Amino acid sequence: MTRESSLRVPDCTKDPERNHGYVSMLFRLILIVCAITLFIVVLFLSLGKMRLSQIGTHILAAFIYSALISVPSMFLLDWIGHRDQGRYPRLIFLVYALALTCTATVGSLAGGVGLEVARIIPPSEYWLEFRGTLPFAIVISLMIGLSLTTYETLRFKLQATTLELRTRQVEQERAYKLLAEAQLSSLESRIHPHFLFNTLNSIAALIPSDPQRAEDTVGKLASLLRFSLNANPSGLVPLGQELKIVRDYLEIERTRFGQRLRYDVAVPETLIDAKVPPLALQCLVENAVKHVVAERAQGATIQITGSKDSGRIELEVIDDGPGFSLDAITPEHGLGNLIARLELLFGEAGQLEVTRAGDKTVVRISFPA
């Protein structure tokens, strides 16, 4: 609710939730006025400043003063809190104290008029009543007003902290879900009949002629499956680990495509320990293999590069295919999942871009180092 709307009477037929907030504030005002009235009566009785025979008159007088001081104080403190608390966090209680002193003074002046109207005091005693009431009004306003303000400030901070924690928890759960979906997608692509059978057929064909390479391919397949299942739940893995999986995947596919699949990895050693989203680079490479290498008789050349500039890491997968548009990518697609994970991990600082450089397609992910 905005600061301006909190002072307007809402239309309950259009906004029941705002109307509920207004009723709640009205109930709190009545409760505060009654509580302050009772406090003043008990205080003056204990100090011997009123007689039991006049308790009804004193209760009415205390109620008039409480209403005329506490209601404006509550709205004024609420307005100051919304307007100035973020600007002057260390001086805000001094501002509150000055505001309460002002409302106590104005309320005492108005209260004297109210007592005259109610014929509790004659007009000739107005200023005498004001001078006698003002010190008590200021002290009671400061004591109760600052206490309630401190309580409300701590309560709102607790609510804000709780909301922030819940928001982070929801985002973390969503990140885990997206990572699980990426792992499942990666695993499904590994055990997809075409990929699995082609890999196993390639291994079988290698056993008589090149048993060592066949054994290495089995190891790479096992490593790829293991990484797909056990990617770091925290959301980031060393780039060196990601590159190993990418090379394993490319070597497995190379047993199938042979010289149609050509690749080059040019990532500086200084980036090996950089943290990257798991299966991010592998997702880009797999997309190039599926949609460029597999669909062209001449195959394709895939280049993998990495750089760090101005505190950002950029990883690129470059191929000589026809390219594509991110507008056609759905959330269920592997790249759609990657976009969502980058957003969760890095916010607007995480980006996935597709550009053309001459006759080559450049797919780039970038994020803070």
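Here are the numbers for the structure shown:
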| item | result |
| --- | --- |
| Any hit, the range 296-308, residues being in contact with a Ser or Thr (Cβ under 8 Å, 6 or more places away or on another chain) and either modelled with pLDDT of 85 or more or surrounded by fewer than 19 Cβ atoms within 10 Å (Cβ to Cβ) (or both) | yes |
| Spans of strands (runs of 3 or more DSSP E) in the range 269-369 with at least 3 residues farther than 23 Å from Leu225 by Cβ and of a type in the set (Ser, Thr, Tyr) | 300-309 |
| Leading residue by the ranking (modelled with the lowest pLDDT) among those in the range 230-246 that are in contact with a Lys or Arg (Cβ under 8 Å, 6 or more places away or on another chain) and not in a loop (DSSP other than H, G, I, E, B) | Val237 |
| Candidates Arg254, Arg262 - the one that is free of Cβ contacts under 8 Å to residues at least 24 places away in the same chain, at negative phi and not in a loop (DSSP other than H, G, I, E, B) | Arg254 |
| Residue check, Leu326 assigned by TED's automatic domain parsing to the domain that holds Leu281 and under 25 Å from Phe257 (Cα atoms) | no |
| Filtered residues of the range 317-331 (kept if buried (at least 20 other Cβ atoms within 10 Å of the Cβ) and under 29 Å from the mean Cα position of the chain (by Cα)) | none |
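The values are calculated or read from the model by the stated rules, or taken from the named source; none is laboratory data. Keep in mind it's a predicted model, so treat the numbers as computed, not measured. Don't worry about glycine lacking a Cβ; one is built from the backbone with ideal geometry, like all the others, and counts go over all protein chains shown.
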